[in-house]
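Written out below as structure tokens is the structure these notes cover.
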Amino acid sequence: MVSSFWQKGREARGLRGAIFLLALVFAGPGAGHAEALWPDTALNRWQATALLQTLNGEILASPSATASLEKWCAAHHLAAEARLVAEPVPGAAAKPLSPAQRARLDVGPDEPVKYRHVRLRCGEHVLSEADNWYVPSRLKSEMNRALEASDAPFGRVVKPLQPYRRTFEARMLWAPLDAPKESAALAPPQALFEHRAVL
């Protein structure tokens, strides 16, 4: 499933700290099992719609996408330990912030902003890809070190700051009930929905 979002980090003085683009990726069965587990039936289309809307709603309603995805991982038994790991995407080039993004972060054109592109994995399942932009001067030094050198998701690293997420755009990218029938099995795209938010 796919979801993208920007998040805005808040610290004690109330300044914005980070923007994220998170993409949830479909964590379905392997190609050899897709037809057996997801045959293209009306019932499965309704069930896929319900699952998609449930996860979308849980992320929208939660202050932490990391916590929502770990809860989803646990509820659907995707791993022995429902704990997300952030893996850097190999060869990912830094993406500069646009003027509009800098305005959302309330930073000037010369304020340093860091970029992090990761896949969020729970066990063997990659649940999302995230583009993260954050203002290092607004985070504690140990948080900056963790973001540079550890596999911890941003939401877990900044949790002591008690951040909240304000979503300003949410788009569904797949509608199972409306999708054309292309094979005997449901064939969801990699990207299922997208959120843009500020943490």
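The values are calculated or read from the model by the stated rules, or taken from the named source; none is laboratory data. Note that this is a predicted model, so its numbers are computed, not measured. So basically every Cβ, Gly included, is an ideal-geometry build from the backbone, and we count neighbours across all protein chains shown.
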*Check E148 against each of (1) crowded, with 17+ Cβ neighbours inside 10 Å; (2) of a type in the set (D, E); (3) over 20 Å from A191 (Cα atoms) and name the one condition it does not meet.*
(1)
*In the stretch 78-87, the residues that are over 13 Å from the mean Cα position of the chain (by Cα) and modelled with pLDDT of 90 or more*: A79, A80, E81, A82, R83
*Out of all the residues in the stretch 145-176, which are more than 13 Å from the chain's Cα centre (by Cα), in a strand (DSSP E or B) and of a type in the set (A, V, I, L, M)?*
M172
*Looking only at the stretch 111-129, decide whether some residue is of a type in the set (S, T, N, Q) and either surrounded by fewer than 20 Cβ atoms within 10 Å (Cβ to Cβ) or free of Cβ contacts under 8 Å to residues at least 60 places away in the same chain (or both).*
no
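Here are some residues: F193, F168. Which one is surrounded by fewer than 17 Cβ atoms within 10 Å (Cβ to Cβ) and of a type in the set (A, V, I, L, M, F, W, C)?
Just one listed residue meets the conditions, F168.
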*Only residues that are assigned to a helix (DSSP H, G or I) and either crowded, with 17+ Cβ neighbours inside 10 Å or at pLDDT below 90 (or both): list them for the stretch 61-74, please.*
A65, T66, A67, S68, L69, E70, W72, C73
*Which of the residues that make up the stretch 83-94 are in contact (Cβ under 8 Å) with a residue 24 or more places away in the chain and either under 14 Å from V126 (Cβ atoms) or out of contact with any strand residue (DSSP E or B) (no Cβ under 6 Å at 6 or more places or on another chain) (or both)?*
R83, L84, V85, A86, E87, P88, V89
